[in-house]
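Values in this text are rule-based calculations from the coordinates and carry no lab data. What you see is a predicted model; the values in this text were computed from it and never measured. All Cβ positions, even for glycine, are placed from backbone atoms using ideal geometry, and neighbour counts span all protein chains on display.
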Amino acid sequence: MMNRWHVLKRVMPLLVGMVLLLSGCGRADLSTLRPQGPVAEEQFGLMKLTITIMVVVVLIVFAIAVYVIVRYRRRPGDKSIPVQVEGNHKLEIIWTVIPIVLLIILGVPTVKSVFGLAKDYTHDPKAIQVHVTAHQYWWEFEYPNLGVKTAQELIIPNDAVISVEAKTADVLHSFWIPSLAGKTDTNPGGNVNTMYFEAPKTGVYLGKCAELCGPSHSLMDFKVKVVDRASFDRWVAAMKNPVQLPDDQQVADLLNKQCLSCHAIGDKGVQLYPNLTGIGSRQAVAGILVNTDDPKYKNEGSVEDNLKRWIKDPQAVKPGTQMPKVDLTDDQIDAIAKYLAGLKLEY
Amino acid sequence: MAHGHKVKRYSGLKDWLTTVDHKKIGILYLLSGGFFFLVGGLEALLIRIQLWKPLNDFVAAHTFNELLTMHGTTMIFLAAMPMIFALMNAIVPLQIGARDVAFPFVNAIGFWTFFAGGVLLNVSWFAGGAPDAGWTAYAPLSTATYSSTHGLDYYVIGLQIAGIGTLVGGINFLATIINMRAPGMSFMRMPMFTWTAFITSALILFAFPALTVGLVAMMFDRVFSANFFEPTNGGNAVLWEHIFWIFGHPEVYILILPAFGVISEVISTFSRKRLFGYSSMVFATVLIGFLGFMVWAHHMFTTGLGPVANALFSIATMLIAVPTGIKIFNWLFTMWGGSIRFTTANLFAVGFVPTFVMGGVTGVMLAAAPADFQYHDSYFVVAHFHYVIVGGLILGLFSGLFYWWPKMFGRMLNETLGKIFFWLFFIGFHLTFFVQHFLGLMGMPRRVWTYLDGLGFNNLNLISTIGAMTMGLGTIVFLINIVVTSAKPRNASNDPWEDGRTLEWTIPSPAPEYNFAQTPLVRGYDAFWKEKMEGKTEMVPAEPLGPIHMPSPSSLPLFMSIGLFIAGLGFMYAKGDYGTGAWAWILHHHIVAIFGLAITLTCMFLRSVFDDHGFHIETDEILRDKGVKA
C-alpha cells in the first residue's frame, strides 16, 4: 500500500516534467505562456505570481499529507485508540491568517491590474481604433478613422495602442489573441465592450473565438498581422485602391452575380459578408485553411487550392457556415479561385 | 394495542413505485443517478475520442455540441445532484436519530419529478436533436432564432421539472434536520455530513428558484415568443448570464459541500480519531455557503461588467480560499496522530484531499480577473472545474458509497476490486485533466469540436483521452464490484467498519423500516463513539419500546411527475406545422399540456382531500425484528 503511494508521488512529478518538456510552452504566436506584448505580459506576470504562491501551498499540503499517510498508518493488529484531539487554537489561527496574508499579496496587484487594463483608449487620437464585429463564424474588422473594413485578418502597426470596441452581429463570441491579450466577449444589442493591446513585435499571431457560438465555434480562427508603420500606411492606401475585375467578361459576370451580391472587393460589391479585398495575400482562407506553398497538414494548401476547396463545399470546411454551396461548375470555380488568389495587396 | 388504520404495504415493483421510505428513495436516487452518470460518462468518452487527434471527424460538429451540452447538464443535474440526494436520504435521518424525513410524501415527489425531468431531457436525443448551447445555455445561441430544433425546449422544460424535485428535496432536508433530531442531538453535536447536508439544502432553497425563474423566462421566450433574452426584440442576453450564475455558482457549493461532509466522516472513522476542529469545520461550511452567493460574476469577468465589479468579485472569490483552507488542514490534522486504515472508502477520501487542493488553487488563480482574461473559456477552466467536481465531489461520492454501502444494502463491497477501481479512476483522472491546464494556457479554447494540426495540442490531447479511457475502465470495475457484491449474502453487522462513531452504526445494516426501534438519547458529539468509550455497545434509549407510526406508501408522486412530463411535451410541441388535422388542433390549443397539468393537479387535489393517517408498526413486530437480528 505505502509503496504504491511512494511510487506514485515520485513518478507523477517526473511524468509531469516530461510532458512539459515534450510540449514546451506552446507556440509563440498562440500561447499565453509566451506573451508577445505588454498586455499579455502583465497578465502573464499575474499568472506567474499566482502559480508560484499556489505551487507553494500545494507542496505544503502534499508534504503534510505524505507524512501523515506514511507515519500514522495503522499497523496490523493495532487496537490502540489514538488521543481524541478536539482542535488546536494556535494551529487553526495560523492556517487562517497565512492564507489571508497570501490573498492580500495576490489581491493588491490583481486590483491594480484590473483597473490598469480597463483604461479607455477609444478617444485617444494616437491609438488605432478597431471595431470588431463577430459573426457566426467570421470576424469583421473596421477601422472607423481610416475608412477601411476587412475580415479575418487584423492588420495593425507595431508602434501604437490598438483600441478595440467589440460587439456581435448574432450570438455571443469572445475575441481572444492569447499571445497578445486576454479575451473580451462580444455582446449583442448595442452592448459594446472595449479593450486595448499593443504588439511591439512584427509578425503573425493567432486569434480565436472563445465562446461557444455554434457548430463551427472551434473553426472560428482569425489572424493578427503586425507590421511596421510605413507598411501599415501602405496597406491602408492599398485597401482603398480601385480593384480590377477579371478580364474575361464571363468570369466577371459570374463574380458580379454570384460573389459580389454578398461580398465586397475593394469598391465593388456589398459588405454583408467577409470583405475579400486582398484575399490572395492573406494568411488563410475561411480562417482555418492555412495558405502555404509547402502544405504539411490537412488544413493547409496554396491560396488557390484553399479557395477552390472552400467554394466547392463550404459546409465540409465549416459546418453551419452561412456561405452557400454556390451553383458553379468546376471550371467556373477554378476561374474564380484563380482571380481571387491573384488579388494581392502590396504593403 | 389496536390502531384504527389499515396497514398498507406493497411488495416488488409496486413497493418501489409507491415507497415513501427515505432509505428506498435513497436507493432509487442512487440507481437513477448512477444510470445518468454512466450516460454522461459515455458522452464524455465520445468527446475524448473525437479530440484524440487533430481534425478528427469521429462525430459531426453539431453532434459534438450536443454531446458537450448533455455531458455537462447530465453530470451536474442528473448524476451528481441525485447521487448527493441518495447519500443524504440514506444517511441523514439515521445520523440524527430520526425515523424518517419530515415530509416522506414530498420526498417521493422530489425523486419522481427529478426522474421525470431527467428522462424528458434525454428523450431529446431521440426527438430530433439534444440541446446544443452548452450546459450554461447562453442567449442568444439558446434563443429560438439561433436554435431551431426542440433541443433547448427539452433543456428548459426538463430542467424545470427536475428542479422542482431538487427544491422540494432541499426544503425537506432543512425541515428534517431542524425538527427531527433525537433528544440531545443539538446542532453542535450533529455529524459533519449532516451539517453539510443542512447547508447544502439551504443553498438549494435560495439558489434553485433563481434557476427556475431563468428557465421559465427562457421557456416563455422559446415557447410563447416572449423576449427576455432576445436582443433583436429588446431583450438582454447578459441578463441570462447573471441569472444563470446567481444559481450556478452556489450550485458548485451545493455539489461540493456534501462531499466535504463525507470526507470528514470517512477520514475521522478510519483514523479512529475525532474530527479535528469540529466547530471551525462547521463555521467554515457556513461561511463557504454564505460567500458562495457573493461571487457569481467571477464567471463573467470577460462579459464586460467593468473594473469595479471585476475587482470586487475577484476579492470576494479569493476569500473563499480561507474557509476551504481551514477544512483541508483540519482533515490533515484529523489524520495526524491517528491510526489510519486504508479501506477503499478511505483511499478515496485521502486521494480527495490533495486532488481537491489542486482544484482549489486553480480556483484562486482564476479569481484574479486580469489573468482570468487569459484562462476564461479555455481548457484551463475545464481542468479546474473537473478537478473540483470529479476530483472533489465524485471522489467524495465514491468514498461515501463504499463507506455507507453496507448500511444501505447490508453487504460490504469487495475491497480488492474497490482498490483496483480507485487506482484506475484516480490515475486516469489525473492523466485526463492535469494536462488540460496546459492545453488551456497554450491557447486551446474550451468546447471545441476539433483543433488544427501543428498547434502543439496533439500530444496532450492524446494523453487526456488515454486518461479518460482509464477512468472508464475503473468505472467498469466498480460495476463488476456491485454485481459481485449483490450475489453475496446480506451479512453486514451493525458497525461493519468497527470504528463507527455516529448513530447510523448503532442500528442493523440495512436499517429496518422504522430505523430506530427506540429513539436514542444523544449524550455528545460522535454519539456512538462516546458510548463505546464508556464500554457500552448500544445507545441509551430516550423512550420506551412502543408502536411506531409510519406513513403510507402512495402512487400519487409518480403520477404527478408523469403529468408534468406530459405537460412538458405538450408545451414544447404546441408550436409547429402539423397541417390541419385533429392532432394539429390538439397541439396548437395546448390540450396535451392542459391534460398533463390536469393529471398533476388532480393528484394534488386527491392528496389534499383524502387524509391518509398512515399506519402503526406494533411492538411485537419490532421485537420480532430484534430477535431475528440479535
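Quick one: P(r) of segment B:68-205 from all Cα-Cα pairs, 5 Å bins, percents rounded to integers, in order of increasing distance.
2, 10, 19, 19, 14, 11, 9, 7, 5, 3, 1, 0
What is the order of B:529, B:423, fewest Cβ neighbours within 10 Å to most?
Working: B:529 22, B:423 16.
Sorted ascending by nearby Cβ count, the order is B:423, B:529.
Residues of B:298-308, mean number of Cβ from any other protein chain within 10 Å of their own Cβ, rounded to a whole number?
5
Specify whether the C-alpha gyration tensor of segment A:86-163 places it in the rounded, prolate or oblate class, a ≥ b ≥ c being the square roots of the eigenvalues: rounded for a/c under 1.5, otherwise prolate if a/b is larger than b/c and oblate if not.
prolate
With axes computed from alpha carbons, what is the tilt in degrees of helix A:330-341 against the longest principal axis of chain A, rounded to the nearest 10 within 0 to 90?
80 degrees
Over 29 Å between Cα atoms: which of A:208/B:575; B:14/B:626; A:183/A:308 fall into that group?
A:208/B:575; A:183/A:308, as the Cα separations exceed 29 Å there.
Calculate the length of the line joining the C-alpha centroid of segment B:194-241 to that of segment A:240-268, in whole Å.
So the separation of the two Cα centres works out to 49 Å.
At residue A:115 and residue B:536, where each label point lies 7 Å from the Cα along Cα→Cβ, what is the point-to-point distance in nanometres?
6.2 nm
Compare the Cα positions of B:440, B:482, B:416 along the charge dipole of segment B:409-558 (+1 at Cβ of Lys, Arg; -1 at Cβ of Asp, Glu; about the Cα centre) and return the one farthest towards the positive end.
B:440
Straight-line reach from residue B:273: which lysines fall under 19 Å, measuring Cα to Cα and dropping same-chain residues less than 8 apart?
List returned: A:79, B:327, B:530, B:532, B:536.
With charges set only on the Cβ (+1 for Lys and Arg, -1 for Asp and Glu), what does the dipole of the protein assembly as shown come to about its Cα centre, in debye to the nearest 20?
Numbers: 71 positive and 69 negative charges, 664 e Å.
Charge dipole, the protein assembly as shown, about its Cα centre: 3180 debye, nearest 20.
Quick one: if you take sqrt(5λ) for each eigenvalue of the C-alpha gyration tensor of segment B:161-248, what semi-axes come out, biggest first, whole angstrom? All intermediate terms of the calculation are to be shown ahead of the outcome.
Details: eigenvalues 283, 29, 9 Å².
For segment B:161-248, the semi-axes come out at 38, 12, 7 Å.
In whole Hz, with x marking every Gly and Pro, tabulate ³J(HN,Hα) for segment B:465-479 from phi via Karplus 6.51 cos²θ - 1.76 cosθ + 1.60, θ = phi - 60°.
5, 4, x, 4, 4, 4, 4, x, 4, x, 4, 4, 4, 5, 4
Gap in Å between the Cα centre of segment A:295-316 and the Cα centre of segment B:464-489?
Measuring centre to centre over Cα atoms gives 45 Å.
List, in the order given, every pair from A:112/A:223; A:240/A:268; B:24/B:488; A:167/B:53 whose Cα-Cα distance in the structure shown is over 22 Å.
Exceeds cut-off: A:112/A:223; A:167/B:53.
Quick one: work out Rg over Rh on the C-alpha atoms of chain B, Rh as Kirkwood radius.
Looking at chain B, the ratio lands at 0.97.
Once you average over the residues of B:318-325, how many Cβ atoms of partner chains fall within 10 Å of each Cβ?
5
Please arrange B:313, B:348 by counting, for each residue, the other beta carbons lying within 10 Å of its beta carbon, fewest first.
In increasing order of surrounding Cβ atoms, one gets B:313, B:348.
What is the log10 of I(q)/I(0) for segment A:128-228, computed with the Debye formula using one identical point scatterer on each Cα and no solvent, at q = 0.11, 0.17 Å⁻¹?
Per q value, in the given order, log10 I(q)/I(0) is -0.28, -0.68.
Between residue B:149 and residue A:98, how high is the FRET efficiency from 1/(1 + (r/R0)^6) when r is the Cβ-Cβ distance and R₀ = 60 Å? Nearest 0.05.
E(calc), rounded to 0.05, equals 0.70.
Can you tell me the 0 to 90 degree angle between the C-alpha axis of helix A:303-312 and the longest principal axis of chain A, rounded to 10?
Once rounded, one gets 90 degrees.
List the relative contact order of chain B as a percent without decimals, with contacts defined as Cα pairs under 8 Å and 6+ residues apart.
The normalised contact order for chain B reaches 17 percent.
Quick one: which residues, 5 or more positions from residue A:160 or on another chain, have an amide H under 5 Å from its amide H? H modelled 1.01 Å from N in the peptide plane, none for Pro or chain starts.
Amide H neighbours of residue A:160, under 5 Å, 5+ apart: A:199.
Taking the 0 to 90 degree range and rounding to the nearest ten, how far is the long axis of helix A:38-71 tilted relative to the main principal axis of chain A, both from C-alpha atoms?
On a 0 to 90 degree scale, this one is about 30.
How shielded is B:43-50 by partner chains, expressed as the average number of their Cβ atoms within 10 Å of its Cβ atoms?
Details: counts 0, 0, 0, 0, 0, 0, 0, 0.
Going residue by residue through B:43-50 and averaging, the value is 0.
Using θ = phi - 60° and the Karplus relation 6.51 cos²θ - 1.76 cosθ + 1.60, list the HN-Hα couplings for segment B:605-610 in order, rounded to whole Hz, with x at every Gly or Pro.
4, 4, 4, 6, 8, 9
Under a Cβ-only charge scheme (Lys and Arg +1, Asp and Glu -1), can you give me the dipole magnitude of chain B about the Cα centre, in debye to the nearest 20? Kindly include the intermediate steps, with their values, before the conclusion.
Numbers: 34 positive and 34 negative charges, 263 e Å.
Computed about the Cα centre, the dipole is about 1260 debye.
Among B:603, A:262, A:209, A:25, what is the fewest-to-most ranking by other Cβ atoms within 10 Å?
Numbers: B:603 21, A:262 17, A:209 30, A:25 14.
Least to most surrounded, the residues fall as A:25, A:262, B:603, A:209.
Residue by residue, what Karplus-based ³J(HN,Hα) values in Hz, rounded to whole numbers, does segment B:306-317 have, using 6.51, -1.76 and 1.60 with θ = phi - 60° and x for Gly and Pro?
So the J values, rounded to whole Hz, are x, x, 5, 4, 4, 5, 4, 6, 4, 5, 4, 5.
Listed highest first by mean packing, meaning other Cβ atoms within 10 Å per residue, what order do B:170-183, B:351-364, B:105-118 come in?
My ranking of the peptides, most packed first, is B:105-118, B:351-364, B:170-183.
Considering only C-alpha atoms, what is the centroid distance from segment B:257-291 to segment B:520-591, in Å?
Cα centres, segment B:257-291 to segment B:520-591: 28 Å.
Indicate the gyration tensor shape class of the protein assembly as shown (rounded, prolate or oblate), computed on the Cα atoms with a ≥ b ≥ c the square roots of the eigenvalues: a/c under 1.5 is rounded; otherwise a/b larger than b/c is prolate and the rest oblate.
prolate
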